[in-house]
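What follows is a set of notes on a single structure, which appears directly below.
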Amino acid sequence: MRAKTVNKTFFSKKIISWYEENKRDLPWRQTRDPYKIWISEIILQQTRVAQGLPYYQKFIEQFPDVFSLARAKEDKVLRLWQGLGYYSRARNLHACSKELASSYGGRFPDTYKELMTLPGIGSYTAAAIASIAFRVPVAVVDGNVYRVLARIFGIDLDVASTEGKVYFFTKANELIDQHQPDLFNQAMMEFGALHCTPKNPMCNSCIFMNTCFANQQNLQVSLPVKSKKLFVKKRYFTYIVIEYQGRLLMRKRKADDIWNGLYDFFLIENARLTNPEKTLSAFKEFKRHQTKVSGKIQKHVLSHQQLLTRFLWIKVSDVTSIKNLIKQHELAFYNKKQVMKLPKPILVSRFLQENGYLD
Ligand code: SF4
């Protein structure tokens, strides 16, 4: 396939005027504050606008600027993030705000290159902040932009390959409007999100219908090319929820696995699906305590993992028999009010709600 030549000025004028007529009215589009643009861009990675919007509003309300975020406790930041997934994004936001507060006087650097040196800020986010907040002409390339460029220009390079990434980034930078890079970048992303959608793009009412390579060749389904298949690993969890006088035993998860910094229960992981009673029988500590097994297996899908989880709820009448277990697994008791405030994986939070522990 050959990349089609389309006049650069024609292209940017068309897409910007489409954007001005069709853009969604979103709060981060009414500001040039790099902090707010940054928060919105991080929230919207891997998240749809409808789902991300309430998180953005809550986040800005709680942490209106770099300093308030830098001062916050990590638990509070993660608790606000709860349900969005990809928790490393929240931890990086926090780390980055601390660096901005301590080394930059709370201000964002205004170049793409310097922005890239900050924790958690890669090419995409640096380009978004630089272009939208400071009008630096550097192109933002996300999934929407790959799709729009691949289809209009007939580019069949794999978007997951290094060669493809470099080519698309170069192409987008050739096209960017030097005077209105903010509008151009937002227009490209919005056009991909609303008009040139992955399925059923609206070619019959498209401003590029006569110039678009994919439309002329009927190749909308094959473009963009993305060859990399994600390997999804299955994991089998049995959570033991231990209750003593209305309090629950929980622990803070560590950096060596998913959900770093979030709180969950004593966890047993098996290589395959096992009978929960059999799992429990290996622990003499629980023999004389009252146990309730949650019937259904909860399926929870993460980007690279599928978790198949059973919950066992054990009410203990004294803690003597589980003292060693508490120490060994770094567990601690939390009352209902504390459990409510802790940042938790959505799987844990949902289970507690369904079982009437949390409102
Ligand atoms: S003609 Fe169709 S495939 Fe081409 S840019 Fe427009 S919507 Fe996308």
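The values are calculated or read from the model by the stated rules, or taken from the named source; none is laboratory data. These figures come from a predicted structure and were not determined experimentally. Note that each Cβ is placed from the backbone with ideal geometry, even for glycine, and that neighbours are counted across all protein chains shown.
The strands (runs of 3 or more DSSP E) located wholly in the range 263-338 that include 3 or more residues which are within 30 Å of Leu80 (Cβ to Cβ) and modelled with pLDDT of 90 or more occupy 266-270, 305-315, 332-334. I'd like the residue in the range 164-212 that is among the acidic types (Asp, Glu) and touching a Phe, Trp or Tyr at 6+ places or on another chain (Cβ under 7 Å) and, out of all such residues, is farthest from the ligand (Cβ to nearest atom). Within the range 164-212, the match that is farthest from the ligand (Cβ to nearest atom) is Asp177. Checked against (1) surrounded by 14 or more Cβ atoms within 10 Å (Cβ to Cβ); (2) out of contact with any His (no Cβ under 6 Å at 6 or more places or on another chain); (3) free of Cβ contacts under 8 Å to residues at least 60 places away in the same chain, Leu347 passes all but a single condition, namely (2). Only one of the listed residues (Ser97, Ser88) is surrounded by 18 or more Cβ atoms within 10 Å (Cβ to Cβ) and assigned by TED's automatic domain parsing to the domain that holds Glu114. That residue is Ser97. Inside the range 39-75, residues that are in a helix (DSSP H, G or I) and free of Cβ contacts under 8 Å to residues at least 40 places away in the same chain make up a count of 20.
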